[in-house]
Each structure stands twice: as C-alpha cells, then as structure tokens.
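Only one structure is covered here, and it is reproduced in the block below.
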Amino acid sequence: MPATLRSCWACRHAVEELQIESLLALPLTEGNGHNSNDKDNVDDQVGVLILTQETNRVWSPSEVLVIRTLSDQVVDCAQTTPVTAAW
C-alpha cells in the first residue's frame, strides 16, 4: 500500500475515533501567491489549521473567509515574533 494511502487511512481512523462529523482544513502559507493567478508566485506551506466539530455542518463562505484571514494573521505574527527561550 502506498504511503499516501496509508496516511489517508490513518487520518480516517483518527476522525472516526474522535467522532468528528465536520472538518475544515486550511493551509497556513507564507507569501502572497494564494491571491494570485501567477503560477510562478507560489506560497510556502508552513502548517495546517484544522477545525473540527462533532456535529454535521457546512462552513459558509463568509466563515471560511474569516478563518482564512485569521490563519494569515497567525502566520504573519509567527514570522515577525522573535523566538525566545522560556528558560
């Protein structure tokens, strides 16, 4: 079984085990290519923001827009905040 297929099955098992009915996953990207049609202007994915809910629902376009804006701000903040040791 290919690694990507095994990974999909592992995700499906986790979703079922956690009783997730609705899931929204947005890539966390740095760069400005996600608003561009220029294929040479590509974003670097730095993570994924995953929202889950135990009830069945559909996120509205306006909700997705707000969450996308928040995820962009999280990446911007992470890029501009210096990493310091807490100890």
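Read-outs: derived from the displayed coordinates by stated rules, not from any lab. All of these numbers come straight from a predicted model, not from anything done at the bench. Positions of Cβ are generated from backbone atoms using ideal geometry, with glycine treated the same way; all protein chains shown enter the neighbour counts.
Quick one: what are the phi-derived ³J(HN,Hα) couplings along the stretch 56-70, Karplus 6.51/-1.76/1.60 with θ = phi - 60°, whole Hz, x for glycine and proline?
Coupling constants for the stretch 56-70: 6, 7, 10, 6, 6, x, 5, 5, 5, 4, 5, 5, 4, 5, 4 Hz.
Report the extension gain between residue 15 and residue 64 in nm, rounded to one decimal, defined as 0.36 nm multiplied by the number of residues separating them, less their alpha carbon distance.
15.6 nm
Could you work out how far apart the two model spin labels at residue 77 and residue 8 are, taking each label as a point 7 Å from the Cα in the direction of the beta carbon, and quote it in nm?
3.5 nm
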